[in-house]
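A.B. asks: Sharing a structure, written as structure tokens. Questions coming.
Here, each number is a calculation from the coordinates, and none is a lab measurement. For clarity, every value in this text was computed on a predicted model and none was experimentally measured. Note: ideal-geometry Cβ built from the backbone for every residue, glycine included; neighbour counts use all protein chains shown.
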Amino acid sequence: MDHPLVQKALSYIQQIPPVPEQVQLGFAAIGALYLGTKLLGYLSLLLSAFVFVGHPLRRYGRAGSWAVVTGASDGLGKEYATQLAAKGFNLVLVSRTQSKLDTLAKDIEQKYPGKGLQVKTLAMDFAKNDERDYDLLRELIRGLDIAVLINNVGQSHSIPVSFLETTKEELENIVTINCIGTLKVTQIVAPVLKARKHGLILTMGSFGGWTPTPYLATYSGSKAFLQQWSNALASELADDHVDVYLVLSHLVTTAMSKVRRPSLLIPNARNFVKSALGKIGLGGYQTAPNTYTPWWSHAVMLWLIENVPGVNSPITIWYNKKMHVDIRKRALRKREREAKKQ
């Protein structure tokens, strides 16, 4: 304490005038407001995840109205179709493989024989971006009382890969399917919802687009595009009483994720879709508007990332990169083992 520099520093500190009480109270109020906002957000998260239920599907259409589901023959799309049928919606199922669509339509009609459900199918390869397919879809839905559109069709990378090593075919397919396909289907279906003055559009988002994801760069960009587009569309259609939401998910046990076993952080498709249809509109604790994260552990993860490191923070991006580099290494080793067996 007798060091000259220490003494000099103390003398400077003593010369600093005291902070006025009003200023202290102002800073305290700002701090309290900040903490209160965080606590309210956390409370909203807990209530949305474990207590509240979302908008009922009957808000959008009576029994016997129609739902259009893209990417309907597998995974989440198949579950959306099945669970919407259970709630009395007729279905327009759009996917690439006609045989899978026929099997699903037959299964649904046999499972709910007393509901008098109607199922229409259209096989189309979204990667081809063929205008004739979209014309067929436009004709298929003509005159139908469509209440719900599920934009589920999508493609990711076969394994994590750097952008510079991404093949031209994979790059173009991801953008064409995820972005162009979704936009074109919505331009065909949304006018029906607008004309009837109520309806629902759900578009499948991804944590890969919610936060920048190295080694899934093209997929990440395509899903980020859908996030912004969906937010804008929600505002445009709000006056027509058409609700538009982006449904955020982390991993789910589907063919796209290549995860087979469910866990605390990875639900199966059935449970995820059940939650997605039961939590419509419950996303008030999230940064992005018109977005909700239906699976509870995904929602907790999202809230923590948004409120601690930040969605676009270097820490979050670094961790995403590390995780996907590790996944790529494991996938390449698996390929090598399988090649040796052949």
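A.B. asks: Helix-only mean residue ellipticity at 222 nm, the chain, DSSP H runs n ≥ 4 weighted -39,500 (n - 2.57), per residue, nearest 500. What is it?
C.D. replies: Theoretical 222 nm ellipticity from helices: -17000 deg cm²/dmol.
A.B. asks: Output the peptides 90-98, 198-206, 248-256 sorted from most to least packed, where packing is the average of other Cβ atoms within 10 Å over each peptide's residues.
C.D. replies: Top to bottom by mean Cβ count within 10 Å: 198-206, 90-98, 248-256.
A.B. asks: In addition: With r as the distance between the Cβ atoms of Arg260 and Thr37 and R0 = 41 Å, compute the FRET efficiency 1/(1 + (r/R0)^6) and round to 0.05.
C.D. replies: According to the calculation, E is roughly 0.55.
A.B. asks: Lys and Arg at +1, Asp and Glu at -1: add these up for the other residues within a Cβ distance under 10 Å of Thr254 and post the number.
C.D. replies: Every neighbour counted, the sum reads +1.
A.B. asks: Using a/c under 1.5 as the rounded threshold, could you call segment 211-264 rounded, prolate or oblate? The axes a ≥ b ≥ c are square roots of the C-alpha gyration tensor eigenvalues, and prolate needs a/b larger than b/c, oblate otherwise.
C.D. replies: It is oblate, given that a/c is not under 1.5 and a/b is not larger than b/c.
A.B. asks: Still on this model: How large is the Rg to Rh ratio of the chain when both quantities use alpha carbon positions and Rh follows Kirkwood?
C.D. replies: 1.10
A.B. asks: What does the charge count near Ala63 come to, summing +1 for each Lys or Arg and -1 for each Asp or Glu among other residues with Cβ under 10 Å from its Cβ?
C.D. replies: Summing Lys/Arg as +1 and Asp/Glu as -1 gives +4.
A.B. asks: Run the simple label-point estimate for Glu236 and Ile30 please: 7 Å along Cα→C-beta, distance reported in nm.
C.D. replies: Reported label-point gap for Glu236 and Ile30 is 4.0 nm.
A.B. asks: Hey, another quick one. Can you give me the distance in nm between label points at Lys322 and Gln228, each placed 7 Å from the Cα along the Cα-to-Cβ direction?
C.D. replies: 2.9 nm
A.B. asks: For segment 135-145, in order, what is each residue's ³J(HN,Hα) by Karplus, 6.51 cos²θ - 1.76 cosθ + 1.60 with θ = phi - 60°, in whole Hz (x at glycine and Pro)?
C.D. replies: 5, 5, 5, 4, 6, 5, 8, 4, x, 8, 7
A.B. asks: Would you kindly derive the ³J(HN,Hα) couplings of segment 156-163 from the backbone phi angles with the Karplus curve 6.51 cos²θ - 1.76 cosθ + 1.60 (θ = phi - 60°), listing them in order in whole Hz, with x for Gly and Pro?
C.D. replies: Once θ is set to phi - 60°, the couplings for segment 156-163 become 10, 6, 5, 9, x, 8, 5, 4 Hz.
A.B. asks: Rank by packing, highest mean first: peptides 132-141, 267-276, with packing defined as the count of other Cβ atoms within 10 Å averaged across residues.
C.D. replies: Top to bottom by mean Cβ count within 10 Å: 267-276, 132-141.
A.B. asks: Below 10 angstrom from the Cβ of Thr97, what's the summed charge of the other residues (Lys, Arg +1; Asp, Glu -1)?
C.D. replies: Taking every other residue near Thr97 into account, the sum is -1.
A.B. asks: Then there's this: Roughly how tilted is helix 269-278, in degrees to the nearest 10 and between 0 and 90, from the longest Cα axis of the chain?
C.D. replies: Approximately 80 degrees, to the nearest 10.
A.B. asks: Enter the angle in degrees (range 0 to 90, nearest 10) between the Cα long axis of helix 182-196 and the first principal axis of the Cα atoms of the chain, meaning the one along which they spread out most.
C.D. replies: Between the helix axis and the principal axis of the chain, the angle is about 80 degrees.
A.B. asks: What is the Cα convex hull volume of segment 73-155 when expressed per residue in Å³?
C.D. replies: So the per-residue Cα hull volume is 88 Å³.
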